[in-house]
Amino acid sequence: MEILDILISASFWAAAIRIATPLILATMGELICERAGVLNLGIEGIMVAGAFAGWMAVYSGTGLWVGVAVAMVVGMGFGLLHSVLTVPFGLSQHVVGLGVTLLATSSTYYAYRLALPQVNSPPKIDAFQPYEIPLLSDIPLLGQALFSQTPFTYLAFALVAATSVMLYRTPVGLAVRAAGESPAAVAAQGLSVTAIRMGAVIVGSGFMAMGGAFLTMSAFDSFFFEMVNGRGWICIALVVFGSWMPGKALLGAVLFAAFDALQIRVQQTGFGADIPYQIFLMAPYILSIVALVLVSRRAQVPAALMVPFNKGER
Amino acid sequence: MTSNAEIVLRLDAITKRFGKLVANDAISLSLHRGEVVALLGENGAGKTTLMNILFGGYTADSGSVQVFGQTLPPGNSRAALDAGVGMVHQHFTLADNLTVLENIALGAQPMTDVRLSKKEIYNKIKILSDEFNLKVDPSARVGSLAVGERQRVEILKALYRDVKILILDEPTAVLTPQEADDLFGTLSLGIKNGLSIIFISHKLHEVMAISNRVAVLRHGKLVAETLTADTDKNALSALMMGTAAKSPDITLANPGKTLLSLQDVTTPDIGNSPGLKSVSLELKAGQIVGLAGVSGNGQAALADVVGGMRMPSQGALVLNGKTLTQWSPRAAVQNGIARIPEDRHKTGTIADFDLTENAILEGYSTAPFSKGGWISWKNAKQFVTDIIEKYDVRCPGPDTRIRLLSGGNMQKLILGRVLEADPQIVLANQPVRGLDIGAVNYVHSQLLAARDRGAAVLLISEDLDEVMDLSDVIHVIAGGRLSPGFARGTMTPAELGIWMAGQGFDAQVAHAS
């Protein structure tokens with residue numbers, strides 16, 4: 001009964017959408033990379049770097065939106081590194097991805113210590129505030145859940161729509177999808193597989209960094225070590241869950257976030273008092289694995305995912 | 001046609017090396033408007049390399065390409081397409097998970113366009129497919145199309161870009177004789193509409209039928225260029241091989257008892273690859289049974305069943321009079337089934353293992369290669385040395401990694417590995433694919449020798465000529481169904497083609513021969 005009450009409360013869904021936002025952004029980034037045929041395991045580290053860069057920019061005096069842009073550019077920088085190594089050099093995407101994650105994470109912590117050597121508790125910034133969209137926010141339940149979020153969340157939803165339109169309605173999107181399916185077909189049509197794949201990885205990495213920046217600039221107002229806390233890895237699974245389709249990946253992110261929001265609330269009920277809290281912390285991951293297995297069995301993996309392409313090779 | 005027509009394409013002294021191998025040695029060639037030039041040569045003669053240089057897939061070490069008088073920048077497929085050169089690759093360059101329309105639209109619109117104009121593209125495809133008689137559904141997923149249809153998509157892709165010069169690399173290799181005729185019809189329509197065509201092939205009858213002029217490549221050199229009307233098959237064959245290579249004499253078979261029979265065997269489909277549908281087949285001692293058919297029609301399933309990789313879901317597999325209940329690759333090897341796999345690189349050998357290791361891949365766990373659980377490298381080395389000598393495997397030595405060998409020498413090692421055990425059944429799946437004529441003749445003579453020793457041979461090939469030359473009995477496989485057996489010499493290619501297209505089965509109830 002208590003769980004039902006939670007499920008019909010607007011504040012629960014508002015929290016779910018808030019928790020989902022960084023996942024949505026980073027999942028879109030990963031999805032673009034993978035659609036072009038590159039698995040980007042740098043995602044976790046790029047989110048850490050984005051979280052720090054956006055927050056640091058704002059702390060140094062820039063506006064919030066400039067902070068978002070700074071995070072994106074930093075992410076794109078790591079994307080450039082990743083794509084140079086994996087696309088023209090054709091190195092192992094697993095090794096490069098994990099390397100980028102380690103590099104981005106540790107260089108971020110290093111930069112943090114350089115910038116704030118004497119600080120014990122990190123300073124706060126004036127983060128994004130919720131903006132109630134006129135009229136729409138008056139809709140019962142939905143208005144509170146969807147239309148009383150911060151502008152950063154609205155941006156995330158807009159980017160899902162933009163990604164979808166880009167992939168399915170534009171010549172560029174067709175080229176990206178084809179690069180992930182059959183690079184030979186792309187090359188035979190006179191297009192550069194290298195340019196398409198590098199572009200996709202760089203843009204995708206920018207999205208990942210924005211996902212990280214949401215944590216420090218909207219969900220919270222400060223930067224902590226370990227704050228990304230495996231969200232990047234969740235996004236890798238969400239791309240599979242969404243069968244490499246933006247809309248379904250968005251649903252997956254919201255679903256996972258709802259599980260997460262639910263376990264916090266259930267812990268606070270009488271039902272939750274008798275059970276070790278670790279069980280609840282585990283729950284969203286277990287439920288996600290179950291959902292992943294059920295949904296993604298018939299998913300269409302990009303045929304050339306993780307297959308390097310070298311023109312003119314015999 | 002007329003040699004005084006405008007020259008649309010000129011290759012000037014093209015040279016290309018891969019390491020020590022000179023794939024193209026100062027080749028010059030020109031193409032006139034409205035002309036079909038056949039580029040003839042054995043596998044490895046350098047035909048595909050030359051055309052890839054023309055189309056920008058490779059960069060030549062020296063030499064230049066001129067299209068309509070303009071020099072093409074090297075290694076740039078886009079420039080080639082823009083100049084009006086299109087290429088239909090032997091291995092199709094299509095994305096299976098995209099639709100026909102998406103495959104054709106790819107790269108056809110500037111990347112700066114905001115919208116993909118699906119409607120306009122759809123209409124233009126419709127017009128082109130009517131004009132050139134290339135029937136295909138633009139909204140179908142390419143992965144769901146048959147091979148012949150995919151080739152039509154490849155040709156439409158080029159025509160969509162308004163090419164004036166079309167290069168076709170071994171276009172009939174995967175087609176039934178009827179589909180090949182349709183293709184030739186389309187090409188003559190193209191000529192009427194102002195296309196010029198370069199047609200790569202090693203099949204002499206096609207070259208004679210379709211080309212105006214023939215250019216012959218051998219070992220990377222252009223050895224002859226002549227009007228088709230001024231030459232004949234024998235002359236071309238001699239030019240192609242250098243010397244008149246002699247194919248093995250074929251004697252009549254003397255079939256003995258049935259060694260392996262399939263009785264109403266059915267296996268499930270796996271993805272796009274059809275399973276067997278109530279197939280009955282008998283392999284008799286001293287007889288070559290040939291399996292003709294377009295690739296992807298159940299050959300893989302049949303080879304898997306005979307080779308121990310798959311168990312029938314229905315029906316029985318009878319070996320030497322005993323119905324098999326347990327069947328595995330190891331059981332197949334132990335029962336004397338020699339397996340020459342379809343893909344010698346992926347399943348026949350391990351590229352980074354040396355010749356010795358590859359030679360004992362099947363027998364490593366039994367004597368003489370295994371002694372009390374330890375590998376006897378001495379015996380293995382002796383075995384491989386014998387194979388190298390007896391089967392004329394050209395290699396630096398038994399310690400060479402097998403990836404460094406040519407396809408022909410790799411295949412000889414596989415032949416030695418399986419034939420030295422004096423097998424009672426030989427499963428030869430595409431045994432000569434990609435080999436040059438000398439190696440082809442060698443493999444064929446070994447198969448015939450195995451037959452004459454009393455082995456039952458199952459020859460699976462997409463090359464109808466090969467099946468017709470070698471087989472004592474021919475079955476056609478289409479959509480997982482097997483035709484009755486036809487004795488040597490009782491069927492024409494066209495008649496077999498009807499079965500290959502899947503049409504004979506409905507006219508009569510298939511029965512085992």
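Of the trypsin sites (Lys or Arg not before Pro) in the stretch B:18-94, which ones lie in a loop per DSSP and count no more than 14 other C-beta atoms within 10 Å? Those satisfying the criteria are B:LYS20.
Summed over all non-identical Cα pairs, the Kirkwood treatment of chain A gives a radius of 20.1 Å.
Computed per residue of chain A from DSSP H runs no shorter than four, each worth -39500 (n - 2.57), the mean residue ellipticity at 222 nm is -22500 deg cm²/dmol. Cβ-Cβ distance of A:ALA161 and A:LEU281, R₀ of 45 Å, FRET efficiency by 1/(1 + (r/R0)^6): the value works out to about 0.85. The label-point distance for B:THR400 and A:ALA10, in a model that sets each label 7 Å from Cα toward Cβ, rounds to 7.9 nm.
Charge dipole of the stretch B:7-241 (Cα centre as origin; +1 on each Lys and Arg Cβ, -1 on each Asp and Glu Cβ, all else neutral): 400 debye, rounded to the nearest 20. Put the Cα centre of the stretch B:29-103 next to the Cα centre of the stretch B:416-484 and the gap is 34 Å.
Each of B:LEU145, B:VAL216, B:ALA105 was placed along the dipole of the stretch B:7-241 (beta-carbon charges, centred on the mean Cα), and the one lying farthest toward the positive end is B:ALA105. Simple point charges give the picture: +1 on the Cβ of Lys and Arg, -1 on the Cβ of Asp and Glu, and for the stretch B:132-249 a dipole about the Cα centre of about 300 debye.
The residue among B:VAL163, B:SER77, B:TYR122 whose Cα reaches farthest toward the positive pole of the charge dipole of the stretch B:7-241, with charges on the beta-carbon of Lys, Arg, Asp and Glu, is B:SER77.
Using a simple spin-label model with pseudo-atoms 7 Å out from Cα toward Cβ, B:VAL318 and B:ASP269 lie 3.1 nm apart. Compute the distribution of all C-alpha to C-alpha distances in the stretch A:1-139, in bins of 5 Å from 0, and list the percent of pairs in each, rounded to whole numbers. Reading upward from the zero bin: 2, 9, 14, 17, 16, 13, 11, 9, 6, 3, 1, 0. Using a cut-off of 11 Å between beta-carbons, work out the net charge of the residues near A:ALA16 (Lys and Arg +1, Asp and Glu -1, A:ALA16 not included). After counting each charged neighbour, the total is +1. Taking the Cα centroid of the stretch A:89-105 and of the stretch A:251-314, what is the distance between the two, rounded to the nearest whole Å? For the stretch A:89-105 versus the stretch A:251-314, the Cα centre distance is 23 Å. Computed from label points 7 Å out along Cα-Cβ, the spacing between A:VAL73 and B:ASP232 is 7.8 nm. Comparing A:PRO134, A:PRO123, A:PRO284 in a Gaussian network model of chain A, where Cα atoms under 10 Å apart are tied by springs, the biggest mean-square fluctuation is seen for A:PRO134.
Ranked from largest, the principal axis spans of the Cα set of the stretch B:224-276 equal 52, 38, 19 Å.
Spatial offset of the stretch B:215-240 relative to the stretch B:104-141 amounts to 39 Å, using the alpha carbon center of each.
About its Cα centre, the dipole of the protein assembly as shown is roughly 680 debye, where the only charges are +1 on Lys and Arg Cβ and -1 on Asp and Glu Cβ.
Relative contact order, whole percent, for chain A stands at 36, derived from Cα pairs under 8 Å and 6 or more residues apart.
Kirkwood hydrodynamic radius of the stretch B:124-225, from the reciprocal of the average inverse Cα-Cα distance over all distinct pairs: 14.7 Å. Using Cα-Cα distances under 8 Å and only pairs 6 or more residues apart, what relative contact order does the stretch B:347-422 have, in percent? Once normalised by length, the contact order is 38 percent.
Calculated FRET efficiency, B:LYS135 and B:ALA331, Cβ-Cβ r, R0 56 Å, to nearest 0.05?
Values: r = 46 Å, r/R0 = 0.83.
Efficiency computed from Cβ-Cβ geometry: 0.75.
The relative contact order of chain B comes to 15 percent, based on Cα pairs under 8 Å that sit 6 or more residues apart. For the stretch A:132-251, place one equal point scatterer on every Cα, skip the solvent, and apply the Debye formula. What is log10 of I(q)/I(0) at q = 0.12, 0.17, 0.23 Å⁻¹? For the stretch A:132-251 at q = 0.12, 0.17, 0.23 Å⁻¹, log10 I(q)/I(0) is -0.59, -1.02, -1.38.
Here B:VAL223 and A:ALA299 are evaluated by their C-beta separation; at R0 = 45 Å the FRET efficiency comes out at 0.30. I need the P(r) histogram for the stretch B:347-422: all alpha carbon pairs, bin width 10 Å from 0 out to the longest distance, whole percents. All Cα pairs, binned at 10 Å, distribute as 21, 58, 20, 1 percent. Of all aspartates and glutamates in the structure, the ones whose alpha carbon falls short of 20 Å from that of B:LYS124, not counting any fewer than 8 places away in one chain, are B:ASP82, B:GLU102, B:ASP113, B:ASP137, B:GLU149, B:GLU154, B:ASP162. One decimal place: the segment B:ASP465-B:LYS381 gains 26.5 nm when fully extended, by the rule 0.36 nm per residue minus the C-alpha distance.
Across the stretch B:7-241, how large is the tail of the calculated P(r) beyond 26 Å, expressed as a percent of all Cα pairs? Don't jump to the answer; show the numbers that get you there.
Details: 10062 of 27495 pairs.
For the stretch B:7-241, the share of Cα pairs beyond 26 Å comes to 37 percent.
How far is helix A:10-35 tilted off the main Cα axis of chain A, in degrees rounded to 10, range 0 to 90? Helix A:10-35 and the main axis of chain A meet at about 10 degrees. Taking the inverse of the mean reciprocal distance over all distinct Cα pairs, the Kirkwood hydrodynamic radius of the stretch B:1-80 comes to 13.0 Å. Projection of the Cα convex hull of the protein assembly as shown, averaged over all directions and equal to a quarter of that hull's surface, yields 43.9 nm². Ordering A:LEU64, A:PRO171, A:THR150 by the projection of their Cα atoms onto the charge dipole of chain A, which places +1 on the Cβ of Lys and Arg and -1 on the Cβ of Asp and Glu, puts A:PRO171 at the extreme positive end. Entry for chain B at q = 0.05 Å⁻¹: log10 I(q)/I(0) = -0.22, Debye formula applied to identical alpha-carbon scatterers, no solvent contribution.
Read-outs throughout are calculated quantities, based only on the coordinates presented, and are distinct from any laboratory measurement. In this text, all values refer to a predicted model and were calculated from it rather than measured experimentally. We place every Cβ from the backbone using ideal geometry, glycine too, and count neighbours over all the protein chains shown.
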